[in-house]
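To keep things clear, I will list the structure first and then write my remarks on it.
The values are calculated or read from the model by the stated rules, or taken from the named source; none is laboratory data. Quantities reported herein were computed from a predicted structural model and do not represent experimental measurements. Cβ atoms come from the backbone with ideal geometry, glycine included; neighbour counts cover every protein chain shown. Ligands, DNA and RNA are excluded from the accessible area calculation, which covers all protein heavy atoms including side chains. Shrake-Rupley method; radii C 1.70, N 1.55, O 1.52, S 1.80 Å.
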Amino acid sequence: MEIIEVNIKEKKKREPCYLAIGFFDGFHKGHELLLQEIEKGKGAKKALLTFTRSFKSSLKKEKEELLLTKEETVEYCEKEGIDILYVLPFNEETWKASVNDFLSFLKSLNPREIVVGEDFTFAYKAEGNVKTLEKLQEDGIEVKALPLLSLHGEKVASRSIKEHLHNKQVALAKEELGYPFFYTGKVLHGYQNGQKLGFPTANLLLPQGKVRLPDGVYYTRTLVDGKLYSSMTNIGSHPTIDELPIDIAETNIFGLKEDLYGKTIRVYFLDYLRDQKKFSSLEELRSQLAKDKIECLKKEGSTK
């Protein structure tokens, strides 16, 4: 797959493609509909146009938290058979582009067909919309605007998914994403306190720039060497013993005893169990971990 950074003043004529446009942060179920549409195209490349940040976060000058890292986005695109990922920086030049500037830019990407959601807007002050985009049909470019996908009475969108994650509603986020939210990283050496308690953990730093889940204990599944294991994960600074200056994800993987240090693993978050707390004794902590594990195994049985 080619990854091509483009700019709004683009003049170079690209190869023909079927193009889906959106802020593809997380590739939720609504995005999946766009991808399915361009999959139908024959005789040209399948391409996505995405942005380095969302329009709303740019307006509010918020820090952009992502559902997928750049590396995970590329991994997803390759898995879906995308040929070209066009990345448009959301800078002042892009933000202030006129409708005609944006339409001219899109024509330079040489799309046979453009697919967007029906609420798609573009150009300065969001002056462009689907009706404006349909002007490209005069140049022989087909434009399709797909109805928005809703679940539980709300539009499926990256912003709502992030709100669910911030509210510990990882199961609800999974419904809208179509897969569980996850963290990927290399297993780090820790203090081995989990080992002493009988619950050894694989420790990951929380990925920079990705949505930060609230502190607490989660029912998870962990991918190690291509195999999924039931697990439970604590996010936070483990305040009972040797409290850390930074937050990490500590995962106790059921039925796996091998040394994982230095290995890259992926932890999928399926449900929220309880808040992180400081226990009065190691025995109280050990007892609670045993209860957490039982709760996870119950959930594992109900999700198979």
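Expressed as a whole percent, the accessible surface of the chain that belongs to carbon and sulfur atoms is 50, based on a 1.4 Å probe.
Top to bottom by accessible area (1.4 Å), largest first, where do Tyr179, Tyr219 land?
I get Tyr179, Tyr219, largest accessible area first.
Here are several values of log10 I(q)/I(0) by the Debye sum over Cα atoms at q = 0.08, 0.12, 0.15, 0.16 Å⁻¹: [x] -0.43, -0.83, -1.12, -1.22; [y] -0.49, -0.85, -1.04, -1.12; [z] -0.33, -0.76, -1.19, -1.34. Which one was derived from the coordinates shown? Working out log10 I(q)/I(0) by the Debye sum over Cα atoms at q = 0.08, 0.12, 0.15, 0.16 Å⁻¹ from the coordinates points to [x]. Using a probe of 1.4 angstrom and keeping all protein chains present, the accessible surface of the range 151-229 works out to 46 square angstrom per residue.
By a 1.4 Å probe calculation restricted to protein chains, Leu149 has an accessible surface near 50 Å², given to the nearest 10. Rounded to two decimals, the Cα-based Rg/Rh of the range 99-233, with Kirkwood Rh, is 1.16. Summed over the residues of the range 1-96 and divided among them, the accessible surface reaches 52 Å² per residue at a probe radius of 1.4 Å. With one equal scatterer per alpha carbon and no solvent term, the Debye-computed log10 I(q)/I(0) for the range 44-169 at 0.15, 0.20, 0.22 1/Å reads -0.86, -1.48, -1.61.
Any chance you could tell me what percent of the C-alpha pair distances in the range 112-176 go past 13 Å? Cα-Cα pairs of the range 112-176 separated by over 13 Å account for 69 percent.
FRET efficiency for the pair Leu151 and Arg274, taken as 1/(1 + (r/R0)^6) with r the Cβ-Cβ distance and R0 = 30 Å, rounds to 0.70. Note: relative contact order over the range 98-189, using C-alpha pairs below 8 Å and six or more positions apart, is 20 percent.
As an exercise, use a Förster radius of 41 Å and the Cβ-Cβ distance of Ser237 and Glu92 to find the FRET efficiency, rounded to the nearest 0.05. Given R0 = 41 Å and the Cβ-Cβ separation, E is 0.60.
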